[in-house]
Structure formats: structure tokens, C-alpha cells
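Read the structure below first, then the notes.
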Amino acid sequence: MTNTDLTETFCEQIRDAEEKGTPLAITGGGSKMFYGRRPDINAISLDTTRHCGIISYEPSELVIQARSGTPLRDIETRLSDNNQMLAFEPPHFSENATLGGTIACGLSGPRRPYHGAARDFVLGTRVINGKGEPLHFGGQVMKNVAGYDVSRLMAGSLGTLGLIAEVSLKVLPRPACEYTLKQVCNQAEALRRFADWSGRPLPLSAACWYEDHLYLRLSGNEDGLRHAQHRLGDSLLESLPDWWDNLRDHKHPFFNRPDPLWRLSVPPATPPLAVKGDWFIDWGGAQRWLYSNDNPEQIRRLVTSIGGHATLFRNATERIEVFHPLPTPLLKLQQRIKRAMDPAGILNPGRLYPEL
């Protein structure tokens with residue numbers, strides 16, 4: 001079956017489901033099924049993995065377009081052959097990761113605070129809405145994006161607004177050289193240093209802290225990196241070839257626990273939070289991973305008070321809501337968007353919030 005035929009098959013399946021009121025669980029490689037709320041037990045699986053392949057790639061234009069079921073590793077290999085990369089450094093979590101799942105989850109890796117989030121690199125999408133209608137949003141250049149940016153709205157929607165059929169992404173050149181530096185300091189001092197360095201013209205592309213050690217990645221040309229290393233003070237140049245990939249894909253030993261794992265998104269300069277537990281600080285202080293036995297509501301109240309939000313990222317329990325509760329006006333807005341894109345509410349119902 002051709003990809004054109006598959007698109008029409010998806011449209012027919014969604015139209016049939018809408019008519020019968022049957023919920024659908026849109027799935028790709030399944031690498032991120034742990035993330036978000038559990039699918040409706042009555043939902044019928046709609047597998048996108050057969051809808052794969054790179055449609056177009058223009059290295060000189062820094063744009064790649066591919067179908068949703070395309071393995072992420074295939075896209076990254078193609079880009080690497082031309083010394084380019086996905087600058088938001090998307091997590092894989094397994095060999096089965098697909099482009100559609102990557103955008104639907106909207107997750108980004110260690111480069112995120114320095115290059116941008118997944119949604120920032122989405123130029124255009126082809127989507128099938130909850131009525132089985134194929135829709136096209138955006139384009140292949142930034143200037144094509146005008147009005148309400150529905151393409152980027154797909155990033156992080158977990159398939160609740162439509163089946164992502166195709167995605168156009170902006171890509172960037174791969175750095176000529178990268179260094180990883182290591183410093184010894186406690187969490188408070190690491191956060192202070194992160195805040196100080198964020199205001200300087202340094203070639204940072206990742207910054208994290210764990211167990212009294214601060215790790216920095218510098219990206220650029222070698223002369224510039226040597227100069228930056230000198231400016232950053234007492235730093236050891238470490239040979240850690242897999243460090244950042246392991247952090248990206250949660251293969252670091254910190255993440256190898258069966259306990260509920262919190263992801264706290266906070267202003268990066270926020271001092272250490274008054275929560276007991278085991279911490280891993282990423283994104284220069286903006287993303288903080290936590291294992292804690294403290295009361296979940298207290299954790300969320302504290303994070304809310306500083307303008308952040310708390311997600312139960314992995315190993316969620318039935319008694320704790322996965323995503324941070326939305327303010328009523330924002331929830332109503334999301335419900336309106338959901339009704340516009342999926343009037344019958346059949347696409348991945350409840351994966352984000354019970355009301356969506």
C-alpha cells in the first residue's frame with residue numbers, strides 16, 4: 001500500500017470511528033507510551049509506523065520533510081551525512097522512536113535552552129483531524145507561518161488534536177567541535193553559576209548538575225571553545241562521549257528506578273527547592289528531575305508559587321494526576337481547540353487531561 005493510500009485509509013478509519021463514537025489510540029513506535037495519561041481501554045489502535053519515509057530534504061535550505069512513521073534514527077542519520085542535526089536534540093527512549101511521536105510528545109533534549117524547543121523547529125504539518133479531513137498547516141519556510149500557528153500547536157498535543165501525517169522541520173549545521181567540562185560544586189552553587197553564565201556570550205549547548213558535579217557542553221569552533229573553557233574557570237576537560245546521549249534518553253543511572261519521577265519546569269535561576277529527594281538538574285536549572293516521597297500536592301503548590309509546573313513524567317500512580325492542573329481559562333481554551341479539531345472527542349481521549 002502506498003503512502004497516499006495509507007493517508008486515505010487513515011481518513012476512512014477516523015471518519016468511521018467518528019460516526020460510531022469509537023475512541024482511537026494513535027500510536028507510533030511506542031517509545032513514549034509511558035508518558036502522559038493512560039489511553040482509553042476501549043480505544044482502537046491506529047498505528048502510523050507504516051506511513052514512513054523522508055519526502056524531501058534540502059541541505060542548503062536547512063529543511064527536511066518526512067512522514068510521521070519515519071524512524072527518528074533514519075532522519076538523524078540522513079542529516080548527519082550532511083553534517084546537520086535536529087537542534088532540539090529529541091529523546092529517543094528506544095530504537096522505535098518515530099518523527100510523529102517525537103512531535104506529538106513535544107519533548108526536547110539537553111540543547112533545548114540554548115537552541116530552542118521541538119515546537120520552535122516545526123515549519124509545517126499535514127494533519128488528519130477528528131472528522132477524517134486532511135489538513136495542511138504552515139509550510140517549509142518561517143515566513144509561511146502566519147496567523148494562528150496550528151502546526152506548532154501539534155507539538156506536545158499527544159495526538160489529541162489530530163493524526164500527524166507529515167512534518168516539515170528546520171535543521172541546523174552540526175558544530176565543528178564540542179567539549180564537555182566538569183566542575184565540582186553543590187546544587188546551590190551550580191544554579192548560581194548557571195544564572196551567571198546565561199548572561200554571557202558563551203558557546204553553551206548543555207548544562208546539568210548531579211551529585212556535586214556540574215557538567216557543561218560547549219559547541220563551536222575549537223579556538224572559541226578553548227577561550228570559553230578558560231573563561232569558565234576551574235574546569236576539567238572530560239572524555240564523556242555518551243554522557244549527553246545517555247542523559248537525553250534517560251540511560252543515566254539516575255533514571256533507572258521504578259519510583260515515580262517528577263519533571264519540574266521552573267525559572268532557571270530559582271534557588272534549590274525545599275523538597276526532600278534525589279535531584280538531577282538539567283537545562284541550566286530550568287528542568288529539574290526529582291524522586292521524592294513528599295506530598296504531590298505540596299510539590300505542585302511550591303512549583304506553582306514560583307511560576308513553574310510539575311509533571312509526573314514516568315511511573316505514575318493512579319492517585320496522582322500526571323500533568324500539572326490547568327487554570328480554568330486555559331482549560332476552557334484547550335477544550336475549545338479540541339472541539340474544533342476533534343468534535344466527537346475520539347482522538348487519544350484523556351491522554352493529556354480527563355477533559356480533553
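The values are calculated or read from the model by the stated rules, or taken from the named source; none is laboratory data. Please read these numbers as outputs of a predicted model, since none were measured by experiment. Cβ placement follows ideal geometry from the backbone for every residue including glycine, while neighbour counts extend to all protein chains displayed. Each accessible area value is taken on the protein alone, full model and side chains, heavy atoms only, with ligands, DNA and RNA left out. Shrake-Rupley method; radii C 1.70, N 1.55, O 1.52, S 1.80 Å.
Electrostatic bookkeeping for Trp262 treats Lys and Arg as +1 and Asp and Glu as -1; over the other residues with beta carbon under 15 Å from its beta carbon, the sum is +2.
Near His213, the amide H atoms lying under 5 Å from its own belong to Cys185; only residues 5 or more places off or on other chains count, and H is placed 1.01 Å from N.
Dipole magnitude for the chain: computed about the Cα centre from +1 point charges on Lys and Arg Cβ and -1 point charges on Asp and Glu Cβ, it is near 820 debye.
Placing +1 on the Cβ of every Lys and Arg and -1 on the Cβ of every Asp and Glu, with nothing else charged, gives the stretch 114-223 a dipole about its Cα centre of roughly 320 debye. Farthest toward the positive end of the dipole of the chain, out of Ile41, Phe323, Ser31, is the Cα of Phe323, where the dipole comes from beta carbon charges about the Cα centre. Accessible surface computed residue by residue for the stretch 13-87, with neighbouring protein chains in place and a 1.4 Å probe, gives 50 Å² per residue.
Expressed in Å, the radius of gyration and Dmax of the Cα atoms of the stretch 177-314 are 15.4, 49. Per residue, the stretch 177-314 exposes 47 Å² of accessible surface when a 1.4 Å probe is rolled over the protein heavy atoms with every protein chain present. Ordering Ile299, Thr180, Gly199 by Cα displacement along the dipole of the stretch 177-314 toward the positive end leaves Ile299 in first place; charges were set at the Cβ atoms of Lys, Arg (+1) and Asp, Glu (-1). Once the Cα atoms are used to define both axes, helix 3-20 deviates from the longest principal axis of the chain by about 70 degrees.
Relative to the longest principal axis of the Cα atoms of the chain, the long axis of helix 72-81 lies at roughly 60 degrees. Take the solvent-accessible surface of the protein heavy atoms, probe 1.4 Å, and return the percent of it on the chain that carbon and sulfur atoms account for. It is 49 percent, rounded to a whole number. Within a straight-line Cα-Cα reach of under 21 Å, Lys170 can be paired with the following lysines, leaving aside sequence neighbours fewer than 8 residues apart in one chain: Lys143.
Within a straight-line Cα-Cα reach of under 12 Å, Lys32 can be paired with the following aspartates and glutamates, leaving aside sequence neighbours fewer than 8 residues apart in one chain: Glu95, Asp249.
Ellipticity at 222 nm from helices only: DSSP H runs of n ≥ 4 in the chain, each -39500 (n - 2.57), divided by the residue count, give -7500 deg cm²/dmol.
Each of Tyr57, Gly106, Thr77 was scored by the projection of its Cα onto the charge dipole of the chain, and the greatest displacement toward the positive side belongs to Gly106; charges sit on the C-beta of Lys, Arg, Asp and Glu.
Measuring nothing but how far apart in sequence close Cα pairs (under 8 Å, 6+ apart) lie, relative to its length, the stretch 177-314 scores a relative contact order of 26 percent. Of the peptides 100-113, 219-232, the ranking by mean beta-carbon count within 10 Å, highest at the top, reads 100-113, 219-232.
Once the Cα atoms are used to define both axes, helix 296-305 deviates from the longest principal axis of the chain by about 70 degrees.
Relative contact order of the chain: 19 percent, from C-alpha pairs under 8 Å at least 6 residues apart in sequence. Only lysines eight or more places from Lys182 in sequence, or on another chain, were considered; those with a Cα closer than 29 Å are Lys251, Lys276.
When each of the peptides 287-296, 122-131, 73-82, 322-331 is scored by the mean number of other C-beta atoms lying within 10 Å of its residues, the order from highest to lowest reads 122-131, 287-296, 73-82, 322-331.
Ranked by the mean number of other Cβ atoms within 10 Å of their residues, highest first, the peptides 272-282, 161-171 come out as 161-171, 272-282.
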